[in-house]
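Novice: Sharing a structure here in structure tokens format.
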Amino acid sequence: MFTRMRRWFRAVRNGGRLDDQMDQELAFHLDLEAAKLERRGLSPEAARTEARRAFGGVERVREEVRDTRHTSWVDTLIRNLRYARRSLGRNPGYTAAVLATLGLGIGANTTMFSVIDGVLLKPLPYEGSDRLVLLRQSSLLAGQDDVLLSIPELYGYREQLASDFEGLVEFHQMSFDLIKRGDPNRVAAGVVSANFFDVLRVKPVLGRTFQAADAAHGAPAVLLLSNAYWKSRFGAAPDIVGQVFEMNDRPHTVIGVLPPVPIYPQESDVYMPTSACPFRARGEEHMAANWKSFSNLRVFGRLKPGVTIEAASAHVATVAAQFTREHAEAYRDARGFGASALGLLGELTRNARPMLLILVGATALVLLLACANVASLTLARTVNRDRELALRTALGAGRRQLAGQLLTESVLLAVGGGIAGLLLAATTQGALGTFIGRFTARAAVIAIDGRVLAFTAIVSILTGVAFGALPAFVTRVDPASALRQSGASASGPRQPRLLRGLVVAQVAVSVVLLAAAGLFMTSLYRLARVDAGYHAERVLSAQAFGNFTRYKTPEDFLRLYRPLLERLSATPGVQSAAVGTVVPLAQQGQPFLSPFEIQGRSSIGRDRPAADVNVVSTRYFETLGVPIVGGRDFRATDTNGATPVTVINQSMARYWDGADPVGSRVSFDQGEHWFTVVGVTSTVRQYGLERDGAAQLFIALEQSPFTAGASVLIRTTADPVSMAQVLRETVHSLDPDMPVEHVETLEALRSDYLAPARLTAMLLGLFAGVAFVVTLAGLTGVIAMSVSQRTQEFGVRMALGAQPASILTAVVRQGLVMVAIGLAIGGAASMLVGRFFTSYLYETRPTDPTTLGVVALALLAAAAVACAGPARRATRVDPILALRSE
């Protein structure tokens, strides 16, 4: 019989026709297969149907194989696509599993590529953006890597770097009240050089930009509106140019509207020339006597053609060194002072780049895991398709044709997964963009555009080739053997070994992702439990900054805040009320430290202490729940006519070298004002939960020499959000033109501070969860296939007296061995990878044994459960039916 079949196979390969005798032989083998199935307990009709299905559609396959020998590659591709569609349609479970797995993997990578492309790869939206640089000053030995420039420093750089730059421009941002329509609007005003937008190469959509005459002293005040503010506040009114608004008690005329492109280094609502900013103008008046006058400028410029960033940076460093020699006293506390020129794009993305690279690595591992899992599914399916592949080989299909068919199916699935991934990316991009916006202003340009679509298409095709190539090129089919067997696969032992190898690889990748997610979650847990030194429950905060043109002296602010606190304190539901220039976690970043001196103690050179100076009212510490650990709090008697007093925190108290600071005197303005320390509070982590609290000095509001607005704080007996409207009404009853903004609870501020760490841990946890499920699914599939192929073996063993428990143990052990090998490889890899995100972990080591141990135990326990299902099926094998199956 097999001699006749071999002749028939040879005839088909040589292009011969199938005659009636061959059809009869095929019918004979169908009957033979059906008879075997009947012996397993199937009815005659079911056995006949199953036999025809096992042969894969003889007539259709025969015609397809015969036709492919005489068609073009295009026709062959179309035929392969049609066959792939029918084949995948007959296996909806496999198709759905592959599409879901690839959709997750490709979707995650598409989302991350859109972020990477928008933030790191795309050039800035300006002509010749590669020649835009930022001047960065630093004082490394003092722990300051970004020291803003003063007005005299800017003028000095302009004078000495004229050969390197077409122009050096300045930027700083202030908040002012813009009044014309409705309630007063607090706007973020960008104060810029007259040629700021010329250097950027930005053209307005309406009107014009600034001219040199606009920056002249005494010139009429003018404004440029950002595109977003123009649309949100004025509904994109085309007649906005020429309208006049009141700001800082001066009329300001709108001269133009900017295009909808990000304006760096910081987005603002409106823009004004430097002469229109009263604080900047005041700083220029004092710059002759003070080299560090108005040290609040961020400066960048455009390089001249032919000048490299490296050459310009060297010249900038030389000029900075000259500054330190000529103005040594001004740089007394700036230890290790220096300056350099850096590419603007790199600086704008500096904070976001490391975190993005971590997430890119995680998504790449997810895609790798998806490919491995789908390759396992496809390989297992290929093993179970031995009959179909054998029949196609028998009917004349060569190895290249079989590989092409399998690759067509895999690429078709990958394209479907890419479409699903693109839909997933479109739904998740907004949330991820908001997250990235906390690190860089470049988040505004993130979009799914042609570049992202091209990336998705390329990744989809490469993914299809990656997971389809392995099954396509390792499959070995012996037609005669495959057609005469109905139980075990005839593909040989290579596929099971490859499947086990893929499972080990999936476990290793999962361990890396699970360990990373576990470390970040552990870090988040510890950060969330940090005692910040205050009690945030039931405390509401709001900014109520008076217009500086109406509140010019400390007495002016007292006339506002005294009655405000009296009215709020008398409001039912308010436990206490206070004002202060600082609110915990509302101002993130580095504190502004002012050097101070302790009376009777000398501080020379680098030992000179510095502290963050703040102005607060009475009951400030009570409202925040900050305990007084020594001395006393401010009292109502600490007025302007009394002895000036101050309260310091424990971080500042360390400068007394263990002595009690209460009773000593300090000055932060070179002895012009001396304040007696009357109390010491616990340290509050004002500027970051992960950083130790800075040294802080508090001055009583009644004795403050400063003119500065403050934030209002109220502790309530109920939900603090319910007091927001009461707070606004109380403020407006005293000053109807005063904006009340950033009304938030301290709990919300703390939650917002933790949001980046929470989202990072959530994303890594999501990726790790996908990896965990996919790996267990792959492990279960491999064990199930192994059990089905070893049915006869288990029957023989049970017939010889083996107990079901021993069979179950053997099957589970097979799975756990693969998992253990993967754990060893993944554990070593996770320790290496963990070093790259050490700086993002709070009190958590990359080799944290608890985290790695939990990951290992979770994987082993889950793997044991996953293997238990196939193992129980193995124990239910009927020895008699297993022995009769061949």
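Novice: Can you give me the Cα centroid spacing of the range 83-134 and the range 183-227 in angstrom?
Specialist: So the separation of the two Cα centres works out to 40 Å.
Novice: Using the beta-carbon distance between D737 and R79 and R0 = 45 Å, what value does 1/(1 + (r/R0)^6) give for FRET efficiency, to the nearest 0.05?
Specialist: The formula returns an efficiency of 0.05 here.
Novice: List the residues of the range 357-371 whose backbone N lies under 12 Å from a point placed 7 Å from the Cα of T847 along the Cα-to-Cβ direction.
Specialist: none
Novice: What are the residues whose amide H is under 5 Å from the amide H of H252, where those residues sit 5 or more places off or on another chain and H is modelled from the backbone?
Specialist: So H252 has HN proximity to F245, E246, M247.
Novice: By per-residue mean of other Cβ atoms within 10 Å, what is the highest-first order of 283-291, 691-699, 91-99?
Specialist: 691-699, 91-99, 283-291
Novice: Considering only protein heavy atoms and a 1.4 Å probe, what is the carbon-and-sulfur percentage of the accessible area of the range 637-723?
Specialist: Roughly 48 percent, rounded to a whole number.
Novice: Could you give each residue of the range 759-766 its phi-based ³J(HN,Hα) in whole Hz, using Karplus coefficients 6.51, -1.76, 1.60 with θ = phi - 60°, and x for Gly or Pro?
Specialist: 5, 4, 5, 5, 5, 5, x, 5
Novice: May I pose another question? Compute the separation of the alpha-carbon centres of the range 702-753 and the range 341-368 and state it in Å as a whole number.
Specialist: Centre-to-centre (Cα) distance: 37 Å.
Novice: Checking the a/c ratio against 1.5 first, then a/b against b/c, what shape does the Cα gyration tensor give for the range 523-601?
Specialist: The shape class here is oblate.
Novice: Give me the percent of Cα-Cα pairs in the range 749-866 that sit more than 19 Å apart, rounded to a whole number.
Specialist: In whole percent, the long-distance tail amounts to 60.
Novice: Taking θ = phi - 60°, what integer Hz values does the Karplus form 6.51 cos²θ - 1.76 cosθ + 1.60 yield along the range 633-638, in sequence order, with x for Gly and Pro?
Specialist: 8, 5, 10, 5, 7, 7
Novice: Let me ask something else. Using a 1.4 Å probe, what is the accessible area per residue for the range 728-860, in Å²?
Specialist: Ligands and nucleic acids excluded, the result is 46 Å² per residue.
Novice: Follow-up. Could you work out how far apart the two model spin labels at R353 and T637 are, taking each label as a point 7 Å from the Cα in the direction of the beta carbon, and quote it in nm?
Specialist: 5.9 nm
Novice: Once both labels are modelled 7 Å past Cα along the beta-carbon direction, what's the R601-D249 spacing in nm?
Specialist: Label-label distance for R601 and D249, simple model: 4.2 nm.
Novice: I've got another one for you. Using the Karplus curve 6.51 cos²θ - 1.76 cosθ + 1.60 with θ = phi - 60°, what ³J(HN,Hα) values do you get for each residue of the range 192-198, in whole Hz, with x for Gly and Pro?
Specialist: 9, 5, 4, 9, 4, 6, 5
Novice: How large is the convex hull of the C-alpha atoms of the range 208-272 per residue, in Å³?
Specialist: Hull volume over Cα atoms, normalised by residue count, gives 98 Å³.
Novice: Suppose R0 equals 30 Å; then what is the FRET efficiency for E310 and A447 from their Cβ-Cβ distance, rounded to the nearest 0.05?
Specialist: According to the calculation, E is roughly 0.35.
Novice: What FRET efficiency would be calculated for the residue pair T324, E729, taking the C-beta separation as r and a Förster radius of 56 Å, to the nearest 0.05?
Specialist: The formula returns an efficiency of 0.60 here.
Novice: So, counting K/R as plus one and D/E as minus one, what does the shell of residues with Cβ under 11 Å around R158 add up to?
Specialist: It works out to a net charge of -4.
Novice: Can you give me the accessible area per residue for the range 218-300, using a 1.4 Å probe, in Å²?
Specialist: 40 Å²
Novice: OK, next. Quick one: which residues, 5+ away or cross-chain, put their amide H under 5 Å from the amide H of F176? H built at 1.01 Å from N.
Specialist: V187, A189
Novice: Scale the Cα Rg of the range 640-683 by the rule-of-thumb value 2.2 N^0.38 Å and send over the ratio, two decimals.
Specialist: Ratio of Cα Rg to 2.2 N^0.38 Å: 1.15.
Novice: Express in Å², to the nearest 10, the accessible area of H217 obtained by rolling a 1.4 Å probe over the protein heavy atoms while all chains stay in place.
Specialist: Approximately 140 Å² of H217 is accessible to the 1.4 Å probe.
The values are calculated or read from the model by the stated rules, or taken from the named source; none is laboratory data. What you see is a predicted model, and the numbers here were worked out from it, not measured in a lab. Every residue, glycine among them, receives a Cβ derived from its backbone with ideal geometry; neighbour counts consider all protein chains shown. When the accessible area is computed, the model is the full protein with side chains, heavy atoms only, and any ligands, DNA or RNA have been set aside. Shrake-Rupley method; radii C 1.70, N 1.55, O 1.52, S 1.80 Å.
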